[in-house]
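A quick write-up on the structure given underneath.
None of the figures in this text is laboratory data; all of them are computed from the coordinates on show. Only a predicted model underlies this, so the values are computations on that prediction, with no experimental measurement involved. All Cβ positions, even for glycine, are placed from backbone atoms using ideal geometry, and neighbour counts span all protein chains on display.
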Amino acid sequence: MDLSGKIALVTGGSRGIGRAVCLKLAALGAKVAVNYVSRPDAADDTVATIKEAGGDAFTIQFDIGDATQVQDAFKKLLADCGRIDILVNNAGITRDGLLLKMKEEAWDQVMDTNLKGAFNSIKAAYRPMMKQRGGRIINITSVVGFSGNAGQANYSAAKAGLMGLTKSAARELATRGVTVNAVAPGYIVTDMTSELSEDVKNKVLSEIPMGLLGEPEDIASAVAYLASDEARYVTGQVIHVNGGMFMG
Ligand code: NDP
């Protein structure tokens, strides 16, 4: 797989899965815009790691849930780089709780970042990719968007919604050479999952046929495939990367 000359933007590229995606795309030759919202130190570290390995990257700060910030950031990106070839909608948050106790704020925050965030950036990439007659959009959903999860109604709903967005955008952009796909991780070791108790982790582990937790690099490999020419004829699909935890 060769991504030389491609411009990629990864939302939430500062940490976890997004960081691994940035490293992978850069290793394959893409110039990577590493987005973050609140941790410039982490984003700088991702860029430094890419540069040390001989790749090309820069940071770009914006809140994915804020349409104005997203539009402004894309304007700047397009002015600086001239195009956008690969968009990875990875930024995401959790605000877990049982429905009975879930506050409206927790619902809204998760929807704004995980679902509206992807809508904001797809909208900003739509015209440039259409004009280029080519592009790759990859949305990071989740196993729980398919299976549901007690305590994650907001997050599961946002991730399931992301699949509807993926398929609709794929249909709209198909004749323009733009593919839109999703990757659904199972349980991946990152800051997001480090918050969970040992009991919860052990329960999850017991539900994974391979008996292993996933690493961010497992997701990055699937994203790289979808971003590459190898996936030319794949659109509106989801790749489950979960050790067999859910078989779609
Ligand atoms: P982390 O919590 O490790 O990292 C989250 C990233 O998202 C950070 O880079 C953070 O930036 C960024 N971010 C958060 N809010 C915003 C925002 N409003 N605007 C821009 N960037 C933002 O998460 P993971 O790496 O674990 O998860 C990445 C994606 O994968 C998410 O969409 C998550 O839902 C999904 N996923 C993760 C799974 C897992 O097991 N870890 C399983 C299934 C799906 P900053 O550093 O500035 O805070």
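Before anything else, pin down the relative contact order of the chain: Cα pairs under 8 Å, at least 6 apart, normalised by residue count, whole percent.
The value is 20 percent.
Lys103: which aspartates and glutamates have alpha carbons under 19 Å from its alpha carbon, excluding same-chain residues fewer than 8 sequence positions away?
Candidates past the 8-residue exclusion: Asp112.
Quick one: helix 216-227 against the long Cα principal axis of the chain, what's the angle to the nearest 10°, folded into 0 to 90?
Here the helix axis deviates by roughly 40 degrees.
Taking the square root of 5 times each eigenvalue of the Cα gyration tensor, what semi-axes in Å does the equivalent ellipsoid of the range 174-248 have, largest first?
Each semi-axis is the square root of five times an eigenvalue, giving 29, 12, 10 Å.
What number, rounded to the nearest 500 deg cm²/dmol, is the helix-based mean residue ellipticity at 222 nm of the chain, given -39500 (n - 2.57) per DSSP H run of at least four residues and division by all its residues?
Counting only the DSSP helices, I get -14000 deg cm²/dmol.
Mind listing the Cα extents of the range 89-190 along all three principal axes, in Å, largest one first?
The Cα atoms of the range 89-190 stretch 46, 25, 23 Å along their principal axes.
Taking the Kirkwood radius as the inverse of the mean 1/r across Cα pairs, report the Rg/Rh of the range 40-107. Spell out each step's value before the answer.
Working: Rg = 16.5 Å, Rh = 14.9 Å.
Rg divided by Rh gives 1.10.
Can you flag which of Lys24/Lys123; Lys51/Lys123; Lys24/Lys203; Lys75/Lys123; Lys51/Lys159; Lys31/Lys131 are past 22 Å Cα-Cα?
Lys24/Lys123; Lys51/Lys123; Lys24/Lys203; Lys51/Lys159
Cα-based Rg (one decimal) and Dmax (whole number) for the range 7-239, in Å?
For the range 7-239, the Cα radius of gyration and maximum Cα-Cα distance read 16.9, 51 Å.
Using the 2.2 N^0.38 Å rule of thumb for compact globular proteins, work out how the range 27-140 stacks up: its C-alpha Rg over that value, please.
That works out to 1.18 for the range 27-140.
Can you tell me which of 235-248, 203-216, 108-121 comes out highest on packing, and rank the rest after it, using the mean Cβ neighbours within 10 Å?
108-121, 235-248, 203-216
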